[in-house]
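The values are calculated or read from the model by the stated rules, or taken from the named source; none is laboratory data. Keep in mind that what you see is a predicted model, and the values were worked out from it rather than measured. Backbone-built Cβ (ideal geometry, glycine too); neighbour counts: all protein chains shown. Heavy atoms of the whole protein, side chains included, go into the accessibility calculation; ligands, DNA and RNA do not. Shrake-Rupley method; radii C 1.70, N 1.55, O 1.52, S 1.80 Å.
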Amino acid sequence: MIRSRERRAQLLEALRAGEADVEDLAARFGVSASTVRRDLQRLSRDNAVRRTYGGAILANHQPETTLGERFSVNNAAKRAIAKAAAALVEDGDTLILDAGSTVVALAERLRGRKLTIVTNNLAVLPLLADEASVEIIALGGALRATSMGTVGPLAVEAMRRLTADRVFMSADGVVAGRGLCEASLEQVALKSLMMAQARETVVLADATKIGRANCSAWAPLPSQWTLVTDVDEKCEKIPELERYGARVVFAGGK
């Protein structure tokens, strides 16, 4: 049996790696969920962690990275995911494109297609603005400089008046049964509405995002949705995602 002090130290390491769900941590350390909650409560009193719904994050977790910084991370995986996602698009579709670097990679593959695109992702606009066959509807609102995406009441009000065939979502983390993890409530409010207004939800997430719960705001996923990811097909997290409605598309190649 691991001693409490040693287990709490290992809990901190797990949180640094992006694990934050009480049930997952309990299974990892072979203890009850109530034991993990007590450990997290102790770490919270010591100001080492900040409790979230169903788990915790480090109290001094790293600040949100900018879109420019994200472009330099996992580029090959993002290109592979974008290629697989583009194959799901049909000419004539109306698409919603969320903010995020993997969604930008997808937008690059939509040149020359006959589409209507609704987006809050300002980085998408210069990529597709000169495409005669692409109609773009840009959602206004307040700018989140880190993601170069718009959020807030203006974006929400515009989104309420539009529907789409498919929405392509990004996320800081994707957790089975909980949804998409993000840094702010403004983000998840718009993301939830985007998913509600689309006939099909497609989440683009590389392997580092699967099971990651490093933020405290959540956007629940619909009962049926599609995940495009570069994880190995034998990944132990895939069956649980499928139990919670995911149809998993495995991205391979560049």
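Values for this structure:
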{"quantity": "Two-decimal ratio, the range 95-240, of alpha-carbon radius of gyration to 2.2 N^0.38 Å", "calculated": "1.00"}
{"quantity": "In nm, spacing of pseudo-spin labels at Arg247 and Arg5 (7 Å Cα→C-beta vector)", "calculated": "5.4"}
{"quantity": "Whether the range 69-181 is rounded, prolate or oblate, judged on the alpha carbon gyration tensor where a/c under 1.5 counts as rounded", "calculated": "rounded"}
{"quantity": "Other-chain or far-sequence residues with amide H under 5 Å of Leu115's (modelled H)", "calculated": "Gly92, Val134, Glu135"}
{"quantity": "Set of lysines near Lys114 by C-alpha distance (under 28 Å), chain-local residues within fewer than 8 positions excluded", "calculated": "Lys78, Lys83, Lys191, Lys254"}
{"quantity": "Cβ-placed point charges (K, R +1; D, E -1), dipole of the range 147-247 about Cα centre in debye, nearest 20", "calculated": "280"}
{"quantity": "Asp93, Asp232, reordered so the largest accessible area comes first (probe 1.4 Å)", "calculated": "Asp232, Asp93"}
{"quantity": "GluC sites (Glu not before Pro) restricted to the range 166-254 and DSSP loop, no more than 15 other C-beta within 10 Å", "calculated": "Glu233, Glu236"}
{"quantity": "Amide H contacts under 5 Å for Ala176, placed H, 5+ residues apart", "calculated": "Gly211"}
{"quantity": "Arg42/Ala145 FRET efficiency (R0 45 Å; Cβ-Cβ; nearest 0.05)", "calculated": "0.80"}
{"quantity": "Global form of the range 93-136, assessed from the alpha-carbon gyration tensor, a/c cut-off 1.5", "calculated": "prolate"}
{"quantity": "Set of lysines with alpha-carbon distance to Lys234 below 17 Å, sequence-local pairs under 8 removed", "calculated": "Lys209"}
